[in-house]
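Here's the structure we're looking at; comments come further down.
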Amino acid sequence: MDKVIKRVSGWKGKLLSYGGRLVLLKSYLASIPIYFLSFIKFPKWAINMINSHMAHFFWDNSEERHRYHLARWPLITQTKEFGGLGVPDLRILNMCLLASWIHRYHLHNVVLWSQIIRSKYRTENPNVFCSADRNTLPFWKGVQWAAQATVLGYQWLVGDGKRIRFWEDH
């Protein structure tokens with residue numbers, strides 16, 4: 001969070017057009033927290049603070065000069081096909097990056113981190129969506145949080161049926 005705030009405060013937004021600020025926002029500012037977004041579930045207050053600093057930079061709103069924001073932030077974070085500007089929504093990005101670990105978990109069964117997760121959280125009993133959430137690391141809590149949102153879109157191959165919960169899984 002401090003990195004984003006530090007970068008924004010050093011730039012002179014008044015010297016750039018809206019297009020220039022949009023390019024800086026999409027290519028640089030939104031990419032700073034991506035590494036941490038893929039490992040940690042960011043709290044809402046942190047994402048809201050980063051979003052507000054990015055919005056203030058985009059609209060050239062500073063302490064010396066107040067500018068009105070001409071569009072709400074959720075509209076700006078929508079894709080261009082739906083009328084937005086295509087700035088990544090950090091909350092959704094955080095959920096997607098954490099949910100990608102579930103896909104990696106199923107792809108790489110013999111990798112050491114996958115074996116550690118399997119033995120520590122007993123994800124094979126019956127599947128990864130049913131693992132225990134007590135005494136877990138923040139990383140795995142974030143993955144479970146993302147798994148709750150992705151469980152509706154996840155499809156299973158039945159096979160022998162040992163890892164499938166008949167009434168809950170799709």
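Scanning region 50-61 for residues that are surrounded by 15 or more Cβ atoms within 10 Å (Cβ to Cβ) and in a helix (DSSP H, G or I) returns Ile50, Asn51, His53, Met54, Ala55, His56, Phe57, Phe58.
Looking across Gln155, Gln144, Gln78, one residue alone is modelled with pLDDT of 70 or more, more than 24 Å from Ser27 (Cα to Cα) and not hydroxyl-bearing (Ser, Thr, Tyr). It is Gln144.
Within region 49-61, residues that are on the phi > 0 side of the Ramachandran plot sit with their Cβ atoms under 6 Å from residues that are part of a helix (DSSP H, G or I) and surrounded by 16 or more Cβ atoms within 10 Å (Cβ to Cβ), at 6+ positions apart or across chains, in these pairs: Asp60/Gly13. Answer yes or no: is there a residue in region 31-49 that is at pLDDT below 80 and among the charged types (D, E, K, R). Within region 31-49 (the criterion being at pLDDT below 80 and among the charged types (D, E, K, R)), the answer is no, since none of the residues qualifies. Can you tell me which residue within region 62-93, out of those that are in a helix (DSSP H, G or I) and in contact (Cβ under 8 Å) with a residue 24 or more places away in the chain, is nearest to Leu16 (Cα to Cα)? Result: Leu90. Checked against (1) touching a helix residue (DSSP H, G or I) at 6+ places or on another chain (Cβ under 9 Å); (2) assigned by TED's automatic domain parsing to the domain that holds Lys6, Trp113 passes all but condition (2).
The values are calculated or read from the model by the stated rules, or taken from the named source; none is laboratory data. As the structure is a prediction and not an experimental result, all values here were calculated from the model. All Cβ positions, even for glycine, are placed from backbone atoms using ideal geometry, and neighbour counts span all protein chains on display.
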